[in-house]
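Report on the structure given below.
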Amino acid sequence: MRVIAGISKGRKLKVPKGPDIRPITDNIKEALFNTIGPYLEGKTFLDLFAGSGAVGIEALSRLAEKAVFVELDPQAVAVLQENLEACQLSSKARIIRGDVFRVVDRLVRDKASFDIVYVDPPFRKVTFFPKIMASVGGVLNREGIVIIRSPKSLEMPDEVTGLTRFKISVYGDSVLNYYHQAD
């Protein structure tokens, strides 16, 4: 896995091991950033279920102002820190080790907000999808977007808790669902 574009282009990223680690492919990452890339400069990015941090690191490489990474697994957090250091992006990043649902609740209470929220829960934990979608809108800026990667076999809602889906992209068994605030 590597950084595709931007100031850290070409840097190799380490990937943690584990049953719930499902790294994003370069193909899906490139398609994602073809969609959001033009809007990244100066934006704030939240990477939930961050794993190696590949998506948030790509956002920082493409000039996002800052990124917050949330990950529970200690091995993944260590790999994420190594990846940020290798890409020389640590100064623009904050890693929060903890349960994503509790961290999002805390961010909502602290009135934190982000321009782009990327959510990539473990595919085999299908109960995570509706649970995170019910709360993630609380950390989204008014003009922001939420992107959630889901398994193709899981039907994601068109509308949920103040968010409306405006784009769907399918890549093999993965789907990128794009949401924004409902009008």
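The values are calculated or read from the model by the stated rules, or taken from the named source; none is laboratory data. As the structure is a prediction and not an experimental result, all values here were calculated from the model. Glycine also receives a Cβ, built like all others from the backbone with ideal geometry; neighbour counts cover every protein chain displayed. When the accessible area is computed, the model is the full protein with side chains, heavy atoms only, and any ligands, DNA or RNA have been set aside. Shrake-Rupley method; radii C 1.70, N 1.55, O 1.52, S 1.80 Å.
Only one of 174, 169, 135, 150 is more than 23 Å from residue 25 (Cα to Cα) and polar (S, T, N, Q); which?
Details: 174 fails: more than 23 Å from residue 25 (Cα to Cα); 169 fails: more than 23 Å from residue 25 (Cα to Cα); 150 fails: more than 23 Å from residue 25 (Cα to Cα).
Answer to the selection: 135.
Which ranges mark the strands (runs of 3 or more DSSP E) fully within region 34-134 that have 3 or more residues being farther than 29 Å from residue 157 by Cα? Steps first, answer last, please.
Values: elements: 44-48, 66-71, 93-97, 114-119.
Once the strands (runs of 3 or more DSSP E) in region 34-134 are filtered for at least 3 residues that are farther than 29 Å from residue 157 by Cα, what remains is 93-97.
State all residues of region 16-67 that are in contact with a Phe, Trp or Tyr (Cβ under 9 Å, 6 or more places away or on another chain), without any contact (Cβ under 8 Å) to a residue 60 or more places away in the chain, open to solvent by less than 60 Å² (accessible area, probe 1.4 Å) and among the charged types (D, E, K, R); if no residue qualifies, say none.
58, 62, listed by residue number.
I'd like to check which strands (runs of 3 or more DSSP E) are fully inside region 136-183 and have at least 3 residues that are at pLDDT 90 or above and open to solvent by less than 20 Å² (accessible area, probe 1.4 Å). Please lay out each step first, then the result.
On the way: elements: 140-151, 163-171, 174-181.
Output list reads 140-151, 174-181.
Search region 83-96 for residues being in contact (Cβ under 8 Å) with a residue 12 or more places away in the chain and surrounded by fewer than 16 Cβ atoms within 10 Å (Cβ to Cβ), and hand back the single one that is nearest to residue 51 (Cα to Cα). Before the answer, list the steps.
First pass over region 83-96, keeping only residues in contact (Cβ under 8 Å) with a residue 12 or more places away in the chain: 83-84, 86-89, 92-96.
Subsequent filtering for residues that are surrounded by fewer than 16 Cβ atoms within 10 Å (Cβ to Cβ) retains 88, 94.
Numbers: 88: 18, 94: 14 Å.
Here the answer is 94.
Limited to region 97-125, what total is found for residues that are of a type in the set (A, V, I, L, M) and open to solvent by 70 Å² or more (accessible area, probe 1.4 Å)?
Looking only at that region, the number is 0.
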